[in-house]
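Working notes, beginning with the structure itself.
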Amino acid sequence: MRFSRALLPLILTTCAFAAEPFLQKPYLQLGDAPKLAAAESLVLMWHTTDQPASWKVEVRTSKDRAWRAAAVPVSRRVNVEGIEPHLVYRAKLTALVPGEEFRYRVSRADSPVFESTARARRPVDQPQHFVVFGDIAQGTPSQRAIAHQVAEAKPEFIVVTGDVVYGSGRISEYRERFFPVYNADTASRETGAPLLRSVPFIAAPGNHDTALRNFERFPDALAYFLYWDQPLNGPRLNAPKTSHTLTATAPAQAAFKDAAQNRYPVMANFSFDYGNAHWTMLDSNPYMDWNDPALLRWLKADLESARNSTWRFVAFHHPGFNSSKSHLSDQWMRRLAPVFEQAGVDVVFSGHVHNYQRSFPLTYVPKPQPDGALVSARGEVAGDWTLDREFGNGEEGAKPKGVIYIVTGAGGAGLYNPEQQTDQTTWLPFTQKFFSVRHSFSLVDIDGRKFRMKQITEDGAAIDVFSLTK
Ligand SMILES: [Fe+2]
């Protein structure tokens with residue numbers, strides 16, 4: 001058969017479309033499943049063009065003799081200005097065996113088009129192995145090298161402490177800087193790694209993700225609420241001081257809310273359990289008022305509900321305790337330190353500041369500003385800290401007296417204050433470790449009552465190690 005020259009490009013385009021059914025390949029999410037279950041679940045998501053198609057997802061665990069159908073995929077059409085309308089699919093993978101690997105496959109029109117392995121959430125009595133990093137998708141070579149190193153470490157899940165994509169949390173930026181790197185088909189320092197398809201990412205929002213609410217400027221902003229699927233057990237954000245105002249025409253707001261459904265705005269704060277640990281994920285952006293009694297009640301109740309968890313972790317974007325000259329006055333989360341101490345929180349993970357810092361175990365008493373407020377107009381908090389300088393690195397089971405605050409914001413975006421690493425005179429007294437000359441991520445192993453964290457650089461070197469024992 002002969003084709004005319006004029007028809008050839010059209011035929012090639014059509015063939016390319018047939019070969020590539022996804023706008024974004026499948027990626028795993030925790031879904032609205034905050035608690036461990038005897039039959040675990042995860043949510044598989046993928047994006048396609050606006051062409052209707054019949055999709056099917058199947059799973060195969062150690063208890064399945066053959067492929068078994070997952071929940072029927074449901075799609076949501078995203079139709080915001082400036083972006084071709086597209087479909088975001090979700091399928092719940094059910095009846096997973098806690099802690100075990102399983103396979104899944106995705107079929108379009110009854111033809112399998114994608115297959116991968118993943119692991120169900122660990123039950124309370126199994127060891128666990130995870131990564132924490134923040135400030136990631138800026139499109140830098142180091143972002144891709146870190147993604148590759150993270151994949152080499154084989155984490156079971158990944159916590160992102162905000163600033164998922166730069167610079168404004170837009171759909172276009174997810175497409176350019178997030179999915180191609182963390183769901184790359186090949187693993188290398190230059191490309192990234194196929195992480196998202198087999199490792200659930202769980203994210204707190206940073207300023208670059210959700211602080212821009214101006215749809216008149218960027219109608220494809222706030223993609224966090226469109227592309228993530230996380231527990232919806234956060235506080236209802238209707239307190240008078242908590243502003244979630246969107247700046248946009250009524251149709252633009254309606255288009256966004258229709259695509260985000262009930263995830264906006266509640267999904268920005270939530271909690272979940274993994275193994276014997278409880279995680280509380282907070283939105284630390286300045287539009288949230290953590291002085292608000294209703295929000296504090298939710299936070300205290302959430303932490304109280306985790307009394308029986310062996311480990312309690314909190315993650316949010318803006319660090320309360322930071323020695324970097326960059327963002328030095330963004331201290332407003334410091335005011336929650338007494339709440340964390342009261343609840344027996346072990347470690348607080350943040351980002352925002354693009355380097356690595358570890359505090360001494362500490363307790364903190366905030367003092368009111370002259371006008372009676374706990375947080376100044378610039379974001380500063382006054383107060384007194386008590387530092388546990390005896391703890392060291394937790395050798396021989398040393399018990400920390402207080403909460404350890406980690407800044408792990410060196411996940412890909414341009415580093416801050418490399419000059420401070422060797423100049424300890426610039427560190428505030430609560431800082432025990434400060435590493436700012438290479439990109440890095442936090443790798444944690446928990447086995448029962450033992451916690452061990454290593455900070456790993458993009459070259460694979462461990463530049464900090466510490467342990468906690470209960
Ligand atoms: Fe930030």
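The values are calculated or read from the model by the stated rules, or taken from the named source; none is laboratory data. None of these values were measured; they are calculated from a predicted model. A quick note on method: Cβ atoms are made from the backbone with ideal geometry, for glycine too, and the neighbour counts reach across all protein chains shown. Ligands, DNA and RNA are excluded from the accessible area calculation, which covers all protein heavy atoms including side chains. Shrake-Rupley method; radii C 1.70, N 1.55, O 1.52, S 1.80 Å.
Give the residue from Pro338, Ala204, Ala410 lying farthest towards the positive end of the charge dipole for the chain; charges sit on Cβ (+1 for Lys and Arg, -1 for Asp and Glu) and the dipole is referred to the Cα centre.
With unit charges placed on the Cβ atoms, the residue in question is Ala204.
If you place +1 on the Cβ of every Lys and Arg and -1 on the Cβ of every Asp and Glu, how big does the dipole about the Cα centre of the chain come out, in debye to the nearest 20?
It works out to roughly 920 debye.
Put Lys433, Lys450, Lys367 in order of accessible area, largest first, 1.4 Å probe: what do you get?
Solvent-accessible surface, decreasing: Lys450, Lys367, Lys433.
Taking the C-alpha atoms of the range 65-154, how large are the radius of gyration and the largest Cα-Cα span, Dmax, in Å?
Cα radius of gyration and Dmax of the range 65-154 are 17.5, 48 Å respectively.
Any chance you could give the angle, 0 to 90 degrees and rounded to 10, that helix 293-304 forms with the longest Cα principal axis of the chain?
Tilt of helix 293-304: around 90 degrees.
Using helices alone, what [θ] at 222 nm do you get for the chain, with -39,500 (n - 2.57) per DSSP H run of 4 or more residues, divided over all residues and rounded to the nearest 500?
Per the formula, -4000 deg cm²/dmol.
Packing-wise, with mean Cβ within 10 Å as the measure, how do 129-141, 412-424 rank, highest first?
129-141, 412-424
Relative to the longest principal Cα axis of the chain, at what angle does helix 141-152 sit, 0 to 90 degrees, rounded to 10?
It works out to around 90 degrees.
What is the dipole size for the range 30-125, taken about its Cα centre, with +1 at each Lys and Arg Cβ and -1 at each Asp and Glu Cβ, in debye to the nearest 20?
300
Given a Förster distance of 25 Å, report the FRET efficiency between Glu81 and Leu23 from their Cβ-Cβ distance, rounded to the nearest 0.05.
So the FRET efficiency works out to roughly 0.90.
For the range 38-109, build the charge dipole from Cβ charges (+1 Lys, Arg; -1 Asp, Glu) around the Cα centre, then report which of Ala66, Leu87, Val97 sits farthest towards its positive end.
Ala66
Hey, could you get me the Stokes-Einstein D for the range 171-223, Kirkwood radius over alpha-carbon pairs, 37 °C and 0.692 mPa s, rounded to whole µm² s⁻¹?
The estimated diffusion coefficient comes to 262 µm²/s.
Specify, per residue and in Å³, the volume enclosed by the convex hull of the alpha carbon atoms belonging to the range 31-77.
90
Principal axes first, then extents: for the Cα atoms of the range 314-470, list largest minus smallest coordinate on each axis, whole Å, largest first.
48, 36, 26 Å, listed from the longest principal axis down.
Could you give the C-alpha radius of gyration of the range 42-200 expressed as a fraction of 2.2 N^0.38 Å, taking N as the number of residues it contains?
1.10
Given C-alpha coordinates of the range 287-355, what is the ratio Rg to Rh with the Kirkwood estimate of Rh?
Rounded to two decimals, Rg/Rh equals 0.98.
How much length would be gained if the chain were fully extended between Glu152 and Glu396, taking 0.36 nm per residue of separation minus their Cα-Cα distance, in nm to one decimal?
85.0 nm
Under a point spin-label approximation (7 Å from Cα along Cα-to-Cβ), what is the Thr426-Ala187 distance to one decimal in nm?
3.6
Can you tell which of Leu303, Pro265, His318 lies farthest toward the positive end of the dipole of the range 251-367, using +1 and -1 charges on the Cβ of basic and acidic side chains (Lys, Arg; Asp, Glu)?
Farthest along the dipole direction, towards plus: His318.
Under a 1.4 angstrom probe, counting protein chains only, how are Asp292, Asp50 ranked by accessible area, largest first?
Sorted by accessible area, descending: Asp50, Asp292.
Per the Cauchy relation, a quarter of the hull surface: what is the mean projected area of the convex hull of the alpha carbons in the chain, in nm²?
24.7
Which net charge results when you count Lys and Arg as +1 and Asp and Glu as -1 among the other residues whose beta-carbon is under 14 Å from that of Pro219?
Neighbourhood net charge equals -2.
Which loop GluC sites (Glu not before Pro) in the range 285-391, with loop taken from DSSP, have no more than 11 other Cβ atoms within 10 angstrom of their Cβ?
Listed in order of number, the matching sites are Glu390.
Compute the helix-to-body angle for 8-19: its Cα long axis versus the longest principal axis of the chain, expressed 0 to 90° and rounded to tens.
Compared with the principal axis, the helix lies near 60 degrees.
When the distances between all Cα atoms of the range 349-432 are binned every 5 Å from zero, what whole-number percent does each bin get?
Per 5 Å bin, starting at zero, the Cα-Cα P(r) for the range 349-432 comes out as 3, 13, 17, 19, 21, 16, 8, 3, 0, 0 percent.
To the nearest 20 debye, what is the magnitude of the charge dipole of the range 109-253 about its Cα centre, counting +1 on the Cβ of each Lys and Arg and -1 on the Cβ of each Asp and Glu?
The calculation lands at about 340 debye.
What percent antiparallel are the DSSP beta bridges of the range 224-339, to the nearest 5?
50
What are the principal axis extents of the Cα atoms in the range 417-470, in Å, biggest first?
Reported extents, whole Å, longest axis first: 38, 28, 10.
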